[in-house]
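The values are calculated or read from the model by the stated rules, or taken from the named source; none is laboratory data. Note that this is a predicted model, so its numbers are computed, not measured. No Cβ is skipped: glycine too gets one built from the backbone with ideal geometry, and neighbour counts run over all protein chains shown. Remember, those area values only see protein heavy atoms, side chains included, never the ligands or the DNA or RNA. Shrake-Rupley method; radii C 1.70, N 1.55, O 1.52, S 1.80 Å.
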Amino acid sequence: MRFLRDNALTLLFLLLTVLALAGQAFSGLADQNEEQAARGAPQTTLPDYVTSSSFAVDVAENWQSEYLQFFLFILVTVWLVQRGSTQSKPPGKEGAESDEEQNVGEHAGPDSPPWARAGGLRGALYSRSLGLVMGVVFLWSWLAQSVAGWAADNDRRLGDLQDPQSWGDYLLSPDFWNRSLQNWQSEFLAVASIVALSIYLRQRGSPESKPVGSPHDATGVEG
């Protein structure tokens, strides 16, 4: 029970991810089978659908946009601030901060991670590990989207009796960039919304909100 309590937030969102993927699989299969029935084509089974390029590209295009959002937000909040937002450092604290402020190297405490006490390459990598992992996952999922989207688009082209195109041509195609940009704009707007709205609005008890009575210009204060 202690494990569930201490990890409840992560476990809840992992469970919601699995449920949403399952719902997407069933609803996507039903939608595809409706289209195939209208064309008189054979029905697709669930195992065939979830291993298809059509399902893979839909999943990958959402994942890459989410990780792009976090990757950019992690990086730009090192240097950019928004007065009054819980999502920002206070003005004047821009930058990577000193080793003493970050508790690294000789300033690390007894409970600090071992790599925080290390210098050189290990310390440099660990001090940027969150952004690096988010960036790698973004690039990997964007690559997966491009490959799955290429395969799905060529399936469609063959069905329309058109010649297939190369992966390089697909990367320059409207389909690839439409899939990417339609997700990016929503992620960027969502970040701008939480940054700006947390200045003036409150959610009692949430760490994403300031305490209800905090002034609007209080920055980096969590409830």
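Observations
- Residue satisfying condition, being modelled with pLDDT of 90 or more, in contact with a Pro (Cβ under 6 Å, 6 or more places away or on another chain) and open to solvent by 70 Å² or more (accessible area, probe 1.4 Å), within set Arg83, Arg128: Arg83
- Top-ranked residue in segment 19-37 [being of a type in the set (A, V, I, L, M, F, W, C), out of contact with any helix residue (DSSP H, G or I) (no Cβ under 9 Å at 6 or more places or on another chain) and open to solvent by less than 90 Å² (accessible area, probe 1.4 Å); ranked as modelled with the lowest pLDDT]: Ala37
- Contact map, segment 183-197: residues that are more than 17 Å from Phe138 (Cα to Cα) paired with residues that are among the acidic types (Asp, Glu), Cβ distance under 8 Å, separation 6+ or inter-chain. Pairs shown: Ile194/Glu208.
- Members of segment 59-80 that are charged (D, E, K, R) and surrounded by fewer than 19 Cβ atoms within 10 Å (Cβ to Cβ): Glu66
- Residue match in segment 44-55 (condition: touching a residue at least 24 places away in the same chain (Cβ under 8 Å), assigned to a loop (DSSP other than H, G, I, E, B) and exposed (fewer than 15 other Cβ atoms within 10 Å of the Cβ)): no
- Scan of segment 170-218 for residues that are among the β-branched types (Val, Ile, Thr) and either over 30 Å from Ala148 (Cα atoms) or in contact with a strand residue (DSSP E or B) (Cβ under 6 Å, 6 or more places away or on another chain) (or both), ordered by number: Ile194, Val195, Ile199, Val212
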